[in-house]
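Written out below as structure tokens is the structure these notes cover.
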Amino acid sequence: MSLSELTRMTAVEAVRRLKAREVSPAELIDAALARIAAVEPQVNALPTLCPERARASAVALPRRGDADPAAPGWLAGLPVAIKDLLNVAGVRSTQGSPIFADHVPSRSDIVVETLERRGASVLAKSNTPEFGAGANTFNPVFGKTRNPWNTSLTCSGSSGGSAVALATGEIWLASGSDLGGSLRTPASFCSVVGLRPSPGRVARGPNLNMQDDLAIEGPMARNVADVALMLDAMSGPHPEDPLSVPPPARPFQDAVARPRRPVRIAYSPDLGFLPVHPEVAAVAERAARRFEAMGIPVDLAAPDLRDAQEIFQTLRALFFVTDKAELLRTHRAQLKPDVVWNIEKGMQLDCDTIGRAIRARSALLGRIGRFFQVYDLLLTPTVIVPPFDVDIISVRKVGDVAFDNYIDWVTMTYAISLTRCAALSLPAGFLADGRPVGLQMVGRPYGEADLLSGAALLEEALGLQDRVPIDPRTGPALPPS
């Protein structure tokens, strides 16, 4: 097979061929490196490469005592990309920050260890905003990552490098993380699939904030079957993560291969309180209504999430002060203003404010539980706007609604982060000018299997799964609305 044929293969097909020894990890590494060399100058998605490490890992895999070839997510040497918020032992791991620009850790994060035990070969680190803060992927270490559908536009973030690497065929699978939408938003902007699992589904750490259940790790891929494969490869308990849970008895890949039909679905264009670009809402609703052709009712309905912004801003500030207060004291001048704002917001919290947010979230979780007694899935646009000019740091206004901070324009995703529900972004279509639109699909907490089943059914109906990978395209800079 040619190098281009190898890079266009799905991850599922690539792993099948690896297991059958029809192709070798070395051949896939060579194909990926050739593709990276061809497209990186235009997109800047994978600024750090570690091919020697990937080759050594693939060669050693059959002899490694901790390898897990019986696991449903066995990757058999498949090259993957790891978001640069995670440490990879022996590889420059910057978190997009000048503070860690030359940091080379001696130990990998648990997610990386799990993936390598399941047969992944780490080939590259994907670009991210500084400390993952913000939904536009740029940082002072590596610069901007550009959207391959129009390189004048942002790919969003914070898992932007991973989304772009997938959309351009540089890699078959990539890790992402998601606090407020960092998996789902770039997946929407790049027309790939990003899945936020429920807390504990993917073991994470080591870090300073292990009790937190808002920041999670999850899989990104070009299609639903590939995401299910990577979720199988990432899932499972770890003794250092007390929130981690055992994998289900039925592999996630089975939920895609033999999907279960949802019985009743809710669709909301705006969660009842958000401004949404009208063409984005139209594309998302057309995609959601495809379930009706399958005989599945789609109601206009949503749980009450109107207090999500206040809850999330408080808990996110608490996350930042727990995670980054020491950096503010020691490296304030090297932190971008948005990160400083988040840490200082956390420092100003009092016990009453934190307690109020926790109580309000508890009530929200009760409402979510009651909602999913009626509905199997909730569908919304993933993002309230389409991709926009790469030089716009964040969206400050949509229609008549202004945002007073850099994160509230992704409320559509972070409201769902509060719920502990499994959620993903599925390619839903395109605007008239070619900008991608994603559909956010939300399932019950720990309902990844049913969520993947529904996503597989809709993906087949929409027929968009073969639209990537693409060569980067140029185009005009465009506003968010």
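Throughout, read-outs are computed from the coordinates displayed, never taken from laboratory work. Remember, it's a predicted structure, so these values are computed and weren't measured experimentally. Every residue, glycine as well, gets a Cβ built from its backbone with ideal geometry; the counts of neighbours run over all protein chains shown.
Tabulated values for the structure
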quantity	calculated
Relative exposure of VAL442, VAL39, judged by other C-beta atoms within 10 Å (fewest first)	VAL39, VAL442
Dipole axis of the chain (+1 Lys, Arg; -1 Asp, Glu on Cβ), positive-most option in GLY366, ALA174, VAL263	VAL263
For LEU464, LEU349, LEU424, LEU274, order by how many other beta-carbon atoms lie within 10 Å, fewest first	LEU349, LEU464, LEU274, LEU424
Karplus 3J(HN,Hα) series, Hz, for region 265-282 with 6.51 cos²θ - 1.76 cosθ + 1.60 (x for Gly, Pro)	10, 10, 10, 9, x, 8, 6, x, 8, 9, x, 9, 3, x, 6, 4, 4, 5
Distant-in-sequence amide H partners of VAL401 (H built 1.01 Å from N, under 5 Å)	none
Antiparallel DSSP beta bridges within region 3-462, as percent of all bridges there, nearest 5	70 percent
Over 25 Å between alpha carbons, listed pairs LYS83/LYS336; LYS144/LYS397; LYS144/LYS324; LYS125/LYS397; LYS345/LYS397; LYS19/LYS144	LYS125/LYS397; LYS19/LYS144
Karplus-derived 3J(HN,Hα), 6.51/-1.76/1.60, for each residue of region 165-170, Hz, glycine and proline x	4, 5, 5, 9, x, 6
Nonlocal amide H pairs with VAL122, under 5 Å, H built at 1.01 Å	VAL80
Long-range amide H partners of GLY429 with built H, under 5 Å	VAL437
Relative contact order of region 373-481, defined on C-alpha pairs under 8 angstrom at six or more residues apart (%)	34 percent
Antiparallel %, DSSP beta bridges [both residues in region 71-222], to 5	60 percent
Mean Cβ count within 10 Å, highest first, over the residues of peptides 327-334, 199-206	199-206, 327-334
Cβ-based exposure ranking for CYS155, CYS421, in which fewest neighbours within 10 Å come first	CYS421, CYS155
Alpha carbon centroid spacing (whole Å) that separates region 10-26 from region 97-154	25 Å
At R0 = 45 Å, FRET efficiency that the Cβ-Cβ distance of LYS397 and ARG21 yields, to 0.05	0.20
Lys, Arg +1 and Asp, Glu -1 on Cβ, resulting dipole of the chain about Cα centre, debye, nearest 20	520 debye
Whole-number percent relative contact order across region 264-374, with pairs defined as alpha carbons under 8 Å at least 6 apart	29 percent
Net charge of neighbours whose Cβ lies under 13 Å from the Cβ of LEU166, counting Lys and Arg as +1 and Asp and Glu as -1	+3
Helix-only CD estimate at 222 nm, as mean residue ellipticity for the chain, using -39500 (n - 2.57) per DSSP H run (n ≥ 4)	-11000 deg cm²/dmol
Separation in nanometres of the label points that stand 7 Å from Cα toward Cβ, at THR322 and VAL263	3.7 nm
By average C-beta atoms within 10 angstrom, highest first, the peptides 304-317, 2-15, 85-98	85-98, 304-317, 2-15
Backbone N within region 289-319 under 11 Å of label point (7 Å from GLU460 Cα along the Cβ vector)	none
Mean separation of Cα contacts under 8 Å, 6 or more apart, over the residue count of the chain: relative contact order %	18 percent
3J(HN,Hα) from dihedral phi, region 330-335, Karplus parametrisation 6.51/-1.76/1.60, rounded to Hz, x for glycine, proline	9, 9, 3, 5, 9, 9
